[in-house]
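Since the structure comes first, as structure tokens, the remarks are kept for the end.
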Ligand code: C2O
Ligand code: CU
Ligand code: CU
């Protein structure tokens, strides 16, 4: 189950991974790039509905159809949009050939509604969800959560937006309707005939699975016509493992107004935003700076995986890396030279450099096609400050992100076990969770806690990014970093999980249970 190679040189945060020019070839642009329109998932605004997961085939890139999963026949999955205070009754029907269960990422729901892997239902079975949505307006999402199968099921298409609206947010008059764009960005691997592949070897379990093509709402490199108005982009990194840094091709600035758990206190002007798998950013972009007829592209730069890493293994960029591997505590680990050889052997005839390298790609083309119809003024304040005071915390808990030899990354030295309670949290407790990334090899881990929204207090490796200064449920913990988050456990008593949102890490057991008691 937990096979892996203990000495794999792993992925790096941005500082170490200064992508070389050759890495720009890392992502493949389809031949018909920017000829297909961007599509949006269909929206469900009902309170009582079905979500039916099915296996089917669809052409995503190239000519050959790929094996995919759909929800209600759609890829990406439908967007659920609901007003705060509403109740939902969702009948999930599993008609794929694997067990599955849905999780509402970022929502605070009772344990039996949360999609714990123990609740997975077999093919042909249903699961009934009934819960009330009572939390801040924001860009949440949902996806499958079965033990060891989350990666393949998200990869093949299951997962969509869960948008919560409330009066406080609506009073701001933010761009809506055709000026509100939910964008789920995911990297996928296509073979030469254009079929989606997901072959997980030991290396992928160790580092995560990286694809050669970036899809936006299920399509490679689409275009979208916009007017010279402000637009709201709800951006979700729905990749299995890829950390992406988003910006515009002309370097223009935009504003971030929200993170995982809804609006920030105020907008921040930025020119790029880095999101790890599972993270969201709510952005406002003013297209009035452009003239009708102009084009601007959104681009994404890989922040882990692939080319840069392989260069480093070849030893031509970072000598310290091999020293680190040589100087490890575990005698069983190979030295630098041997590991390089081992690594090449393991890569076999698959061209890892070509197929998974980092780099940057244009992912979406905005065509300025219409003059402005609406006036919008960026509000100076967005939401009231509402975080608890860290000095009032009941306790602080250390969570060590560790690397188990030959097995992969784990939490406090352990791999996930379905019913083992790893942390007990008294209901109502205000706690500081301190994630320390000790994985020895430089490997970032986006850590996600279910059933809560937290406030990131600090990261040892530097300043918080603007989108990290609001409510969050997923936070990137860089190599060697300690990140402290403050969170109050008000969810109903029962069993929930926290885990790395690199889905191969999660599937490989980098997940733990906590019980609210
Ligand atoms: Cu988005 Cu437990 O996951
Ligand atoms: Cu979650
Ligand atoms: Cu991880």
Next item on the list: Could you list, in sequence order, all residues of segment 419-431 that are outside any loop (DSSP other than H, G, I, E, B) and within 26 Å of residue 145 (Cβ to Cβ)?
Entry: 423, 424, 425, 431
Next item on the list: Having 1 or more residues that are surrounded by fewer than 24 Cβ atoms within 10 Å (Cβ to Cβ) and modelled with pLDDT under 95 is the bar; report the strands (runs of 3 or more DSSP E) wholly within segment 476-517 that clear it.
Entry: none
Next item on the list: Answer yes or no as to whether residue 361 is crowded, with 20+ Cβ neighbours inside 10 Å and farther than 20 Å from residue 460 by Cα.
Entry: yes
Margin query: Let me spell it out: the conditions are (1) within 14 Å of ligand 3 (Cβ to nearest atom); (2) over 25 Å from residue 109 (Cβ atoms), and residue 448 meets all of them except one. Which number is the exception?
Written below: (2)
Next item on the list: Give, as residue ranges, the strands (runs of 3 or more DSSP E) completely inside segment 33-134 that count at least 2 residues that are more than 16 Å from ligand 1 (Cβ to nearest atom) and exposed (fewer than 15 other Cβ atoms within 10 Å of the Cβ).
Entry: 48-58, 87-95, 126-132
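Residue by residue, here is whether (1) touching a helix residue (DSSP H, G or I) at 6+ places or on another chain (Cβ under 6 Å); (2) within 16 Å of ligand 2 (Cβ to nearest atom); (3) not assigned by TED's automatic domain parsing to the domain that holds residue 183 holds:
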site: 48; (1), (2), (3): no, no, yes
site: 91; (1), (2), (3): no, no, yes
site: 99; (1), (2), (3): no, no, yes
site: 130; (1), (2), (3): no, no, yes
site: 144; (1), (2), (3): yes, yes, yes
site: 149; (1), (2), (3): no, yes, yes
Checklist line | Candidate set from segment 207-266 (those that are touching a strand residue (DSSP E or B) at 6+ places or on another chain (Cβ under 6 Å), outside any loop (DSSP other than H, G, I, E, B) and within 20 Å of residue 62 (Cβ to Cβ)); member that is farthest from ligand 3 (Cβ to nearest atom) | finding: 223
Checklist line | Filtered residue count, segment 439-463, keeping only those that are part of a loop (DSSP other than H, G, I, E, B), touching a strand residue (DSSP E or B) at 6+ places or on another chain (Cβ under 6 Å) and free of Cβ contacts under 8 Å to residues at least 40 places away in the same chain | finding: 1
Next item on the list: Please work out if residue 283 is away from ligand 2 (no atom under 16 Å from the Cβ) and modelled with pLDDT of 95 or more.
Entry: yes
Check: Is it true that residue 153 is assigned to a helix (DSSP H, G or I), within 23 Å of residue 217 (Cβ to Cβ) and within 22 Å of the chain's Cα centre (by Cα)?
Finding: yes
Margin query: When you check residue 204 against the structure, is it at pLDDT 95 or above and crowded, with 17+ Cβ neighbours inside 10 Å, yes or no?
Written below: no
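The values are calculated or read from the model by the stated rules, or taken from the named source; none is laboratory data. As the structure is a prediction and not an experimental result, all values here were calculated from the model. Cβ atoms come from the backbone with ideal geometry, glycine included; neighbour counts cover every protein chain shown.
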